[in-house]
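Shown next, in structure tokens, is the structure this report addresses.
The values are calculated or read from the model by the stated rules, or taken from the named source; none is laboratory data. The model shown is predicted, which means the values in this text are computed figures rather than measured ones. Methodologically, a virtual Cβ is constructed for each residue, glycine included, from the backbone with ideal geometry; neighbour enumeration extends over all protein chains shown.
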Amino acid sequence: MSGAGPQRSTFLLSCLCFGFAFLYIPILLMIVYSFNHSKLLPVWGGFSFRWYVTLFNSPDVWAATVLSLKIALINATVATFFGTLAGLALARFTRFPGRTLFTGMISAPLVMPEVITGLSLLLLFITLQQLIGWPGNRGMSTITIAHITFSMAYIAIIIQSRLANSDLSLEEAALDLGAKPFRVMADITLPLLAPGMMAGWLLAFTLSLDDLVIASFVAGPGSTTLPMLIYSRIRLGLKPDINALATLLVLAVAIGVLIAGWILIRNQRLRKP
Amino acid sequence: MFVPFRALMQQHWKAIVVLIPFLWLLVFFLTPFFIVVKISVAESLIASPPFSRLLDWSNGWPPTIAINLENYAYLWEDSLYIKTYLSSLKIASISTLLCLLIGYPMAYAIVRTPGTGKFVLLLLVMLPFWTSFLLRVYAWMGLLADQGTINDILIWLGLVDKPVRLLYSHFAVYVGIVYTYLPFMILPLYAIMERLDHSLNEAAADLGAKPVSAFFTVTLPLTMPGILAGCLLVFIPATGEFVIPDLLGGGNVLMIGKILSSEFNANHDWPVASAVAVALLLVLMVPMLFYHRIQSMDVNR
């Protein structure tokens, strides 16, 4: 019996090692090959920054990056607003007409296959264009609308679970002391939600930067987001400048997550006396 | 200007809070599905838009309703579609199982790590999830290619003489799906394991249960909601996956997301593409409703 404890933790430890190796080795190799001088990607031709130079000199990469960032910023901001409202409604208003439909529409986008969402939104935009003449051109506006629609569902779930786990007594106390419900919502509930809204904003931002399938469906000719550009290049094989781009993106995300994690851990320590 | 707005907010704020997201979802999430259903019963035409109208007004009032079920009959009769649906379901199921087998021990190990180590490991699981999905798939193209890293190693070790075909195969698709969706399995498992009361395991051990049997009688049943949530979060989107089979499977792997996209973009057959989408939605309806139930149970608890 005495050997069972350490033995099991050896098993768990090797699972962890295997799992993290599986998660990280492909990314690390992709980064290593971005510094490869050779054009034939898998053949090592010495260390060089050549592909980074190529990358910085390609105007289409810059244009796609700017477009993607614009969409991601607008999406994250609007989706956080809508998603917070939806989360509030789900967690705090137990009864209103259409609630079942509402919860269904919030949880469905999380698991809906992207091809279906993309196709259905494109067909909506085309139908609307015939009926009311809007949207005249598909592009940034239609991609942003599509992204808001699925991002707000994620944010609503985050906000809802935060509210479900939070203490109602503060709000009740304020109500008992005669505060109007709207004031309670604005002065107590919303500040409680601020961290959740921050997390939701970041999630919506990355979801938008990450989306290829839905954007490909609803984008018109001439508007290419960064994932669409990457996809069109890598379909036909390995491209070293894409490795360079990947390295920069991974670096940006890693720095962001490390900062967020550091703040999280520091807060955890502060809370403990 | 400001005062009436304030009065309006104070009187009707609840309705406003609900209505803004509700209307948005109604217009941009629910309505599109009805349009897809509508187009799936239209006839394919060479026109713009390339399908017939549901209501024909050419004979004046009342309009004739033209419902054409041939697209669905076509899906049923052409064995390619049935085969593709089955192949998608098979690939998604096996990938889900593999995710569970890798993710469960990982989640368990992370939960049992003491102190801040737990947060660091959890962040490390999240980190790939925050980086571009497309680039993670691309990373595997570099590993699996004929002159890729894995083949280089195999040849260097003397295990094979010439490169093994790894890219553009079912194997590559499985690897890609498991790799991309693993965090979706680990996170719900982690969430439920963290709430687990460890004293139950200790009680079982005190009463003489071996660790393995304590695991199967205590831990596994208690983590079942997390297992179900994780499996559905992997299974449902994996069934409709398009990018992974396209980039890693090449022409050798049949998946329904690829068929839908090529019917729409290459063949310009919108009605058939819509019918493919409706049928896929029907196939996934049961697991989706199931997921919705778990989700609402979890929030109510």
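For the reader, a short list of remarks on this structure follows.
Residue-wise test of (1) more than 24 Å from B:H292 (Cβ to Cβ); (2) among the basic types (K, R); (3) without any contact (Cβ under 8 Å) to a residue 40 or more places away in the chain.
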residue	(1), (2), (3)
A:L69	yes, no, no
A:A79	no, no, no
A:L90	no, no, no
A:R99	no, yes, yes
A:L121	no, no, no
A:T144	yes, no, no
A:I148	no, no, no
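- Residues being without any contact (Cβ under 8 Å) to a residue 40 or more places away in the chain and either at the interface with chain B (Cβ under 10 Å from one of its Cβ atoms) or touching a Gly at 6+ places or on another chain (Cβ under 8 Å) (or both) - total across region A:213-235: 5
- Number of positions in region B:12-33 that are modelled with pLDDT under 80 and facing chain A (nearest Cβ under 9 Å): 1
- Checked against the criterion of being among the hydrophobic types (A, V, I, L, M, F, W, C), without any contact (Cβ under 8 Å) to a residue 60 or more places away in the chain, within 28 Å of B:L134 (Cβ to Cβ) and more than 10 Å from chain A (Cβ to nearest Cβ), region B:255-277 has at least one qualifying residue.
- Qualifying residue in region B:197-213 (condition: in contact (Cβ under 8 Å) with a residue 12 or more places away in the chain and either facing chain A (nearest Cβ under 10 Å) or assigned to a loop (DSSP other than H, G, I, E, B) (or both)): no
- Top-ranked residue of region B:130-175 - restricted to ones that are part of a loop (DSSP other than H, G, I, E, B) and charged (D, E, K, R), ranked as farthest from the chain's Cα centre (by Cα): B:D161
- Condition met for A:A146 (within 11 Å of chain B (Cβ to nearest Cβ) and touching a helix residue (DSSP H, G or I) at 6+ places or on another chain (Cβ under 9 Å)): yes
- Scanning region A:111-128 for residues that are of a type in the set (A, V, I, L, M, F, W, C) and touching a Leu at 6+ places or on another chain (Cβ under 8 Å) yields a count of 4.
- If you go through region B:127-171 and keep only what is within 12 Å of chain A (Cβ to nearest Cβ) and touching a residue at least 60 places away in the same chain (Cβ under 8 Å), you end up with B:F133, B:L134, B:V137, B:Y138, B:W140, B:M141, B:L144, B:L167, B:Y168.
- Scanning region A:152-190 for residues that are within 9 Å of chain B (Cβ to nearest Cβ) and among the basic types (K, R) gives A:K180, A:R183.
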